[in-house]
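Encoded as structure tokens, the structure appears first; notes follow it.
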Amino acid sequence: MEQYRTEEEQVEALRRWWDENGRSTLVAIVLVLAGTFAWQGWQRYDAQRTASASDLYQQMLEAAALAQEGAATAAPVSQLATQLRRDFAGTSYAQFAALHQARVAVIAGDLEAAEADLRWVLGKADSGSETALVAQLRLARVVAAQGNVEQALALLAPEAMGKYQAAAAMARGDVLAGAGRAEEALAAYREAQALVQTYPAQLNLETLAAKLQSLAAATAGDDA
């Protein structure tokens, strides 16, 4: 009888606990399961989108190779890049496509289009990411070519360029040299030469040495 009473008490205690907590427990379980399924569904959807964007980007690269060889026109390249940016704007592939479009626009002399493409990349890429820094470097050169020297220098400020310090210093030198500010340009090139030890593979050392030699000779001639 004692054991029977104990079991009855346990059942009664369980019943009281369920009356007090059962509904909230069920809700919590449902919410956890719903969140898990939603997260898994999002992961599948994101993976599918990334795969689709990757396939489209590969098609764009193949079309660009054919256009470069003269085997096809460049129109499909532009169409595929535009589709990537429209349908897969949140992916890295769309950002790469926009960088490609900006390069093509620069070659064609359409600096306004190039600037728009690069600013689009900066609006989509994570701040401080490699893609964002590359876009920022290229944008600085584009706006400098448009005559906006101070804006270009602001884009290339050391605190804004993260690990691209050497490349930014060389770009500052190019911007300053183009603006006729030879002494400042020479200082920027020397800074790039010093930084390349810390940030290797960012610069063509032969090109930098040639620029340094040419500018140093020019400034020496001016002093004479």
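Nothing in this text is a laboratory measurement; each read-out follows from the coordinates by a stated rule. On a predicted model such as this, the values are computed, not experimentally measured, just so you know. Cβ sites come from the backbone with ideal geometry, for glycine too, and all protein chains shown count toward neighbours.
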When the charge dipole of the stretch 147-224 is computed with +1 on Lys and Arg Cβ and -1 on Asp and Glu Cβ about the Cα centre, the Cα farthest towards its positive end, among Q202, A216, G180, belongs to Q202
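Show me the chymotrypsin sites (Phe, Trp or Tyr not before Pro) within the stretch 83-184 that DSSP assigns to loop and that have at most 10 other Cβ atoms within 10 Å of their Cβ. All intermediate terms of the calculation are to be shown ahead of the outcome.
Numbers: sites: F88, Y93, F96, W120, Y164; in loops: F88, Y164.
Within the stretch 83-184, no chymotrypsin sites (Phe, Trp or Tyr not before Pro) qualify (loop, at most 10 other Cβ atoms within 10 Å).
What's the magnitude of the charge dipole for the stretch 147-224 around its Cα centre, counting Lys and Arg as +1 and Asp and Glu as -1 at the beta-carbon? Answer in Debye, nearest 20.
Details: 5 positive and 9 negative charges, 48 e Å.
It works out to roughly 240 debye.
Looking at the stretch 149-209, which trypsin sites (Lys or Arg not before Pro) are DSSP coil and have at most 13 other C-beta atoms within 10 Å of their C-beta? It would help to have the intermediate numbers written out before the result.
Values: sites: K163, R172, R181, R190; in loops: K163, R181.
Listed in order of number, the matching sites are K163.
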Between T207 and L66, what's the calculated FRET efficiency when r is the beta-carbon distance and R0 is 30 Å? Round to 0.05.
0.50
Taking the mean number of other Cβ atoms within 10 Å as a proxy for protection, how do you rank 193-202, 149-158 from highest to lowest?
149-158, 193-202
